[in-house]
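Q: Below is the structure I would like to discuss, written out as structure tokens.
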Amino acid sequence: MEVTSDHSFALAQAPLPVTDAKEKATLAAVALGLLALLGAAFDDDGERARLSMYVALGLISGGTLAWAWYKFGQGEAGVKQNNLWLRASTSRGAIAWVTGLVLTGFYVLLYWFPQYLENLIRTLDPFSQALRNRAADQWFLYGTFYTLAVLLMGGRALWKYRHSRYQLIRTLSVMFFQLGFAFLLPGLLLFFQQPEFYFSYFWPLKYDYLFPGGVADLVKNGGLGVFMVFWGAIMSLVATPILTYFYGKRWYCSWVCGCGGLAETAGDPYRHLSDKSRAAWRWEVRLVYPILALIVLITVLLWVNQLYGSFLGEIGNSLNKFYGFAIGAVFSGVVGVGFYPIMGNRVWCRFGCPMAAYLGLLQKHFSRFRITTNGGQCISCGNCSNVCEMGIDVKQYAQRGEPIIRASCVGCGMCSTACPRGVLNLENAPREGRYQASQLIHADSLRILS
């Protein structure tokens with residue numbers, strides 16, 4: 001009689017756990033939803049395409065939330081690496097490359113070939129009419145998909161990090177600002193025939209809000225337009241330095257910004273892919289600060305042209321067009337999101353975002369924010385560095401008990417959440433002694449008794 005057992009006495013176990021039937025069912029629902037979405041994209045029959053779109057959104061939403069609940073909501077709470085470096089989807093394997101190509105292809109179509117998305121766009125006409133009182137366009141399609149991604153993957157983050165009050169509130173915050181301030185409110189403004197305006201985006205990220213043409217377009221809409229100009233200027237030039245002084249750049253990059261919201265939710269499975277090398281840091285400095293300088297220069301040139309009779313000719317407008325194509329479209333969209341599965345979820349924030357550069361300078365040189373470390377408790381597990389999406393080797397600071405004061409840090413707090421020893425702490429303490437390391441007990445200070 002043959003005896004079988006579910007237990008193995010082998011020293012080497014299979015590196016990846018077997019996906020059980022329930023998890024496969026939730027993933028199958030997502031896959032069917034993507035197939036239905038593909039059908040809607042190529043179906044010339046409007047009614048049938050719209051039905052396919054609704055079915056697709058239902059299956060994708062239900063499947064994603066069910067998978068997140070089953071995957072992260074059933075076991076013990078806590079940050080688990082879950083074989084991220086062994087899975088093809090999260091370790092730059094074949095699935096990651098396919099995902100990156102699909103995302104990149106979508107952005108290319110969205111920016112330069114929207115006619116190929118026409119069937120998908122038309123399926124959202126009833127929704128767009130109800131919200132904005134006008135037909136859908138490619139940007140409404142994008143906004144719908146973008147917001148849905150933040151909400152669904154935000155649900156995943158709520159289950160995954162349910163043990164951390166900080167992460168729960170932060171995730172709810174980015175979900176709220178994306179849904180309310182970056183999607184519903186601009187749509188309602190259009191419904192009431194007011195200018196479309198995103199109250200959660202500021203110059204220099206939303207650079208045209210302080211351009212002469214953008215200001216003129218808003219002002220001609222009367223009192224509300226004037227308030228919008230005032231809001232943008234105050235938030236960019238007054239509120240941002242004040243809030244960053246007290247809370248660091250995290251108040252915006254990890255709590256409000258839609259780019260950061262997508263990175264923290266949909267991009268969370270890829271945060272460990274950020275390059276921690278010194279070479280990557282050098283490229284970060286070489287790119288992000290010149291981009292900030294470029295948008296400042298363009299803004300100044302456009303205003304000089306406006307105030308002094310366009311004596312600079314088309315220089316400002318030409319730079320504006322170049323910036324809009326190279327940075328506003330290619331970098332922030334195609335590369336910034338399309339390369340999530342290959343370079344990590346904060347590619348745009350780390351290497352290209354002028355708002356992140358602006359906030360980073362304020363944070364490093366004028367802010368009270370820092371991450372303090374208790375080096376005496378560090379066990380060098382590396383969890384903190386692994387989850388840092390901004391390419392900071394947090395472990396090196398923790399081992400030496402040095403505070404982390406980096407311009408790139410977005411204050412997501414994931415390093416502190418992942419630390420099993422409570423070594424890292426996010427603080428808004430007074431600036432005095434900001435760079436002072438924690439007290440360590442060195443080996444030379446110990447007397448070993450025999």
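The values are calculated or read from the model by the stated rules, or taken from the named source; none is laboratory data. Only a predicted model underlies this, so the values are computations on that prediction, with no experimental measurement involved. Here the Cβ is made from the backbone with ideal geometry for all residues, glycine too, and neighbour counts use every protein chain on show.
Q: State all residues of region 372-390 that are of a type outside the set (G, A, S) and assigned to a loop (DSSP other than H, G, I, E, B); if no residue qualifies, say none.
A: N374, C378, I379, C381, C388, E389, M390, listed by residue number.
Q: Before we move on, is G352 in contact with a helix residue (DSSP H, G or I) (Cβ under 6 Å, 6 or more places away or on another chain) and under 30 Å from P420 (Cα atoms)?
A: Answer is no for this residue.
Q: OK, next. What tally of residues in region 309-329 results from selecting those that are assigned to a helix (DSSP H, G or I) and either without any contact (Cβ under 8 Å) to a residue 12 or more places away in the chain or not β-branched (V, I, T) (or both)?
A: Going through region 309-329 one residue at a time, the tally reaches 13.
Q: Same structure, new question: Would you list the helices (runs of 4 or more DSSP H) that sit entirely within region 149-250 and hold 1 or more residues that are within 25 Å of the chain's Cα centre (by Cα)?
A: Once the helices (runs of 4 or more DSSP H) in region 149-250 are filtered for at least 1 residues that are within 25 Å of the chain's Cα centre (by Cα), what remains is 165-176, 185-191, 223-234, 240-247.
Q: Listed residues R170, R162, R132; which is of a type in the set (D, E, K, R) and either surrounded by fewer than 16 Cβ atoms within 10 Å (Cβ to Cβ) or touching a strand residue (DSSP E or B) at 6+ places or on another chain (Cβ under 9 Å) (or both)?
A: Among R170, R162, R132, only R162 is of a type in the set (D, E, K, R) and either surrounded by fewer than 16 Cβ atoms within 10 Å (Cβ to Cβ) or touching a strand residue (DSSP E or B) at 6+ places or on another chain (Cβ under 9 Å) (or both).
Q: What are the pairs, 6+ residues apart or on separate chains, where a residue within region 107-134 that is closer than 14 Å to D45 by Cα has its Cβ under 7 Å from a residue that is basic (K, R) and in a helix (DSSP H, G or I)?
A: Short answer, once both residue conditions are applied: T123/R50.
Q: Moving on to the next point. Does A10 satisfy the criteria of being at pLDDT 95 or above and not polar (S, T, N, Q)?
A: Taking the combined requirement at face value, the residue does not satisfy it.
Q: Report yes if E47 is modelled with pLDDT of 90 or more, outside any loop (DSSP other than H, G, I, E, B) and more than 28 Å from the chain's Cα centre (by Cα), otherwise no.
A: yes
Q: What about Q306, is it over 13 Å from the mean Cα position of the chain (by Cα), assigned to a helix (DSSP H, G or I), surrounded by 22 or more Cβ atoms within 10 Å (Cβ to Cβ) and not assigned by TED's automatic domain parsing to the domain that holds V387?
A: Here the answer is no, as Q306 does not meet what is asked.
Q: Which count do you get for residues in region 349-371 that are buried (at least 22 other Cβ atoms within 10 Å of the Cβ) and not in a loop (DSSP other than H, G, I, E, B)?
A: Result for region 349-371: 14.
Yes or no, residue by residue, for (1) within 23 Å of H163 (Cβ to Cβ); (2) outside the structural domain of Y289 (by TED's automatic domain parsing); (3) modelled with pLDDT of 95 or more:
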{"residue": "Q363", "(1), (2), (3)": "no, yes, yes"}
{"residue": "T373", "(1), (2), (3)": "yes, yes, no"}
{"residue": "G376", "(1), (2), (3)": "no, yes, no"}
{"residue": "C381", "(1), (2), (3)": "yes, yes, no"}
{"residue": "Q399", "(1), (2), (3)": "no, yes, no"}
{"residue": "E402", "(1), (2), (3)": "no, yes, no"}
{"residue": "V410", "(1), (2), (3)": "yes, yes, yes"}
{"residue": "M414", "(1), (2), (3)": "yes, yes, yes"}
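Q: If L262 satisfies all but one of (1) in the same structural domain as G333 (by TED's automatic domain parsing); (2) hydrophobic (A, V, I, L, M, F, W, C); (3) in contact (Cβ under 8 Å) with a residue 24 or more places away in the chain, what's the number of the condition it fails?
A: Among (1) in the same structural domain as G333 (by TED's automatic domain parsing); (2) hydrophobic (A, V, I, L, M, F, W, C); (3) in contact (Cβ under 8 Å) with a residue 24 or more places away in the chain, L262 violates only (1).
Q: From the list V98, V79, which residue is free of Cβ contacts under 8 Å to residues at least 24 places away in the same chain and of a type in the set (A, V, I, L, M, F, W, C)?
A: V98
Q: Now for a different question. Has region 273-283 got at least one residue that is within 30 Å of K71 (Cα to Cα) and assigned to a helix (DSSP H, G or I)?
A: yes
Q: Can I ask one more? Answer with yes or no whether V288 is under 15 Å from P204 (Cα atoms), in contact (Cβ under 8 Å) with a residue 40 or more places away in the chain and assigned to a helix (DSSP H, G or I).
A: Answer is yes for this residue.
Q: So for region 419-438 (the condition being small (G, A, S), modelled with pLDDT under 95, touching a helix residue (DSSP H, G or I) at 6+ places or on another chain (Cβ under 8 Å) and farther than 21 Å from K80 by Cβ), does at least one residue qualify?
A: yes
Q: All but one of (1) in contact (Cβ under 8 Å) with a residue 60 or more places away in the chain; (2) out of contact with any Cys (no Cβ under 8 Å at 6 or more places or on another chain); (3) not aromatic (F, W, Y) hold for M390, so report the exception by its number.
A: Exception for M390: condition (2).
Q: Further, regarding this structure: Kindly list the number of the only condition in (1) surrounded by fewer than 16 Cβ atoms within 10 Å (Cβ to Cβ); (2) closer than 26 Å to Y54 by Cβ that fails for Q193.
A: (2)
Q: Also, quick follow-up: Restricting to region 196-217, name every residue that is buried (at least 17 other Cβ atoms within 10 Å of the Cβ) and either β-branched (V, I, T) or touching a Pro at 6+ places or on another chain (Cβ under 7 Å) (or both).
A: Selection gives F197, Y198, P204, L205, V215.
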